[in-house]
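The structure under discussion appears below in the form of structure tokens.
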Amino acid sequence: MQKRPRIGVLYSRVRVEEKWIFAAMERRGIDYERLDDREIFFDLDHPEYWLQFDAILERSISYTNGLYALRILNAWGIPTVNKASVAEACGDKLTTSAALNRAGIPQPRNLMAFTPESALEAIETLGYPVVLKPVVGSWGRLLAKINDRDAAEAVLEHKATLGSYQHSVFYIQEYIEKPDRDIRAIVIGDERCGAISAITAMYRKSPHWITNTARGAEGELCPLNPELEEICVKAGQAVGGGVLAVDVIEHPQRGYLVNEINHTMEFHTVQPLSGIDIGDKIVEYVVQVARKHRR
Amino acid sequence: MNTVECPECSAEISLDASVEAGEIIVCPECGVDLEVISLAPLAVELAPMEEEDWGE
């Protein structure tokens with residue numbers, strides 16, 4: 001009989017998603033351990049404790065903590081969901097855009113500059129309005145819709161003066177007049193474990209231009225169609241696959257555009273909407289990764 | 001009875017029997033986020049403030 005794989009779940013706080021993941025682990029009788037990222041440490045010369053795990057699911061709420069943990073674990077050869085390279089590609093919006101660009105995936109126009117002056121010049125090649133986003137950030141925080149030159153000058157100066165050095169990497173995105181919604185698709189799989197596929201999707205509806213559910217957008221089931229599925233799967237492949245949430249904008253003329261990809265996604269809205277146990281799907285995939293590693 | 005006192009407003013909060021260590025709850029009286037830091041004995045403290053790199 002094949003020995004049960006041992007799984008670690010790295011987390012920061014028990015959100016409803018973690019409760020669903022833990023419940024799925026227990027239902028499936030999986031040998032797993034909860035690893036609070038505030039309590040762990042790594043000794044690079046002594047990976048023994050960590051080598052007991054056949055795979056580790058990373059659910060840290062801090063991008064930085066999760067990314068560095070994944071880098072160390074992958075350096076030791078421990079499989080993780082997601083891989084460090086996937087977290088690198090998804091956690092930084094500019095890196096995501098570059099990966100999508102390389103793969104030829106349709107996305108909004110994105111520009112980058114390092115000084116307020118060159119950022120202003122870049123913005124004016126697009127025309128107003130534009131959107132300024134921090135390269136690292138989530139839940140719709142610190143997004144700015146810039147409607148004119150006055151606003152651009154003010155926000156660029158504020159970012160350069162008040163923000164950390166990272167806020168002077170100016171990520172400038174064209175503003176898209178989308179319907180009062182965007183689409184979030186859940187994509188699971190990679191080359192390690194069979195096919196990658198989009199398993200469900202929802203609209204995130206809001207009259208505000210920011211359509212994150214963390215900012216009050218409401219979910220509504222979005223039926224998957226072949227075109228949506230294809231772009232989401234290709235986007236997932238472009239960043240290396242795994243467990244992902246692909247955010248898509250519907251452009252009135254250009255069709256589906258991939259806006260962002262999340263590598264430690266929340267699914268408290270889409271799971272009850274879709275009736276699909278996404279927590280269980282994640283666990284099923286992590287176990288596949290672990291079993292593959294054991295062979 | 002699974003009750004704790006809110007460290008912010010002293011309200012008495014009843015917790016579900018399925019509450020887990022590490023879970024975030026919201027004080028129904030003052031709205032502050034609380035983290036369940038222990039189940040036996042049941043204890044909560046103010047949850048960490050959101051950091052710039054938190055998210056999905």
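Tabulated results
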item	result
Residue check for A:Leu57: free of Cβ contacts under 8 Å to residues at least 60 places away in the same chain, out of contact with any Cys (no Cβ under 8 Å at 6 or more places or on another chain) and surrounded by 22 or more Cβ atoms within 10 Å (Cβ to Cβ)	no
Residue ranges of strands (runs of 3 or more DSSP E) in the stretch A:1-103 with at least 2 members under 23 Å from A:Ile261 (Cα atoms)	A:6-11, A:55-59
Residue check, A:Glu191 part of a loop (DSSP other than H, G, I, E, B) and more than 15 Å from A:Thr269 (Cα to Cα)	yes
Scan of the stretch A:144-172 for residues that are within 12 Å of chain B (Cβ to nearest Cβ) and within 20 Å of the chain's Cα centre (by Cα), ordered by number	A:Gln166, A:His167
Flag for A:Thr64 being at pLDDT 95 or above, surrounded by 21 or more Cβ atoms within 10 Å (Cβ to Cβ) and hydroxyl-bearing (Ser, Thr, Tyr)	no
A:Val136 being within 14 Å of chain B (Cβ to nearest Cβ), β-branched (Val, Ile, Thr), out of contact with any Pro (no Cβ under 7 Å at 6 or more places or on another chain) and part of a loop (DSSP other than H, G, I, E, B)	yes
A:Ile40 being within 14 Å of chain B (Cβ to nearest Cβ) and surrounded by 17 or more Cβ atoms within 10 Å (Cβ to Cβ)	no
The stretch A:53-96: number of residues that are within 12 Å of chain B (Cβ to nearest Cβ) and either in contact with a Phe, Trp or Tyr (Cβ under 8 Å, 6 or more places away or on another chain) or farther than 17 Å from B:Trp54 by Cα (or both)	8
Per-region count, the stretch B:5-42, residues within 14 Å of chain A (Cβ to nearest Cβ) and assigned to a loop (DSSP other than H, G, I, E, B)	8
Cβ-Cβ under 6 Å pairs, at least 6 apart or on other chains, the stretch B:1-29 side over 13 Å from A:Val14 (Cβ atoms), far side outside any strand (DSSP E or B) and among the β-branched types (Val, Ile, Thr)	B:Glu8/B:Val32
Qualifying residue in the stretch A:78-97 (condition: hydrophobic (A, V, I, L, M, F, W, C), over 30 Å from A:Leu228 (Cα atoms) and in contact (Cβ under 8 Å) with a residue 24 or more places away in the chain)	yes
Which listed residue is over 19 Å from A:Leu257 (Cβ atoms) and buried (at least 16 other Cβ atoms within 10 Å of the Cβ), from A:Asp190, A:Asp182, A:Asp150	A:Asp190
Subset tally (residues that are in contact with a helix residue (DSSP H, G or I) (Cβ under 8 Å, 6 or more places away or on another chain) and either outside any strand (DSSP E or B) or of a type outside the set (A, V, I, L, M) (or both)) for the stretch A:245-262	4
Filter result (in a loop (DSSP other than H, G, I, E, B), surrounded by fewer than 20 Cβ atoms within 10 Å (Cβ to Cβ) and not small (Gly, Ala, Ser)) within the stretch A:197-225	A:Pro207, A:His208, A:Trp209, A:Ile210, A:Pro223, A:Leu224, A:Asn225
Count of the stretch A:263-277 residues which are in contact with a strand residue (DSSP E or B) (Cβ under 6 Å, 6 or more places away or on another chain), away from chain B (no Cβ under 13 Å) and either part of a loop (DSSP other than H, G, I, E, B) or within 21 Å of A:Tyr63 (Cβ to Cβ) (or both)	1
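The values are calculated or read from the model by the stated rules, or taken from the named source; none is laboratory data. Every value quoted in this text rests on a predicted model; they were computed, and no experiment measured them. Ideal geometry is used to build each Cβ from the backbone, glycine not excepted, and the neighbour counts take in all protein chains shown.
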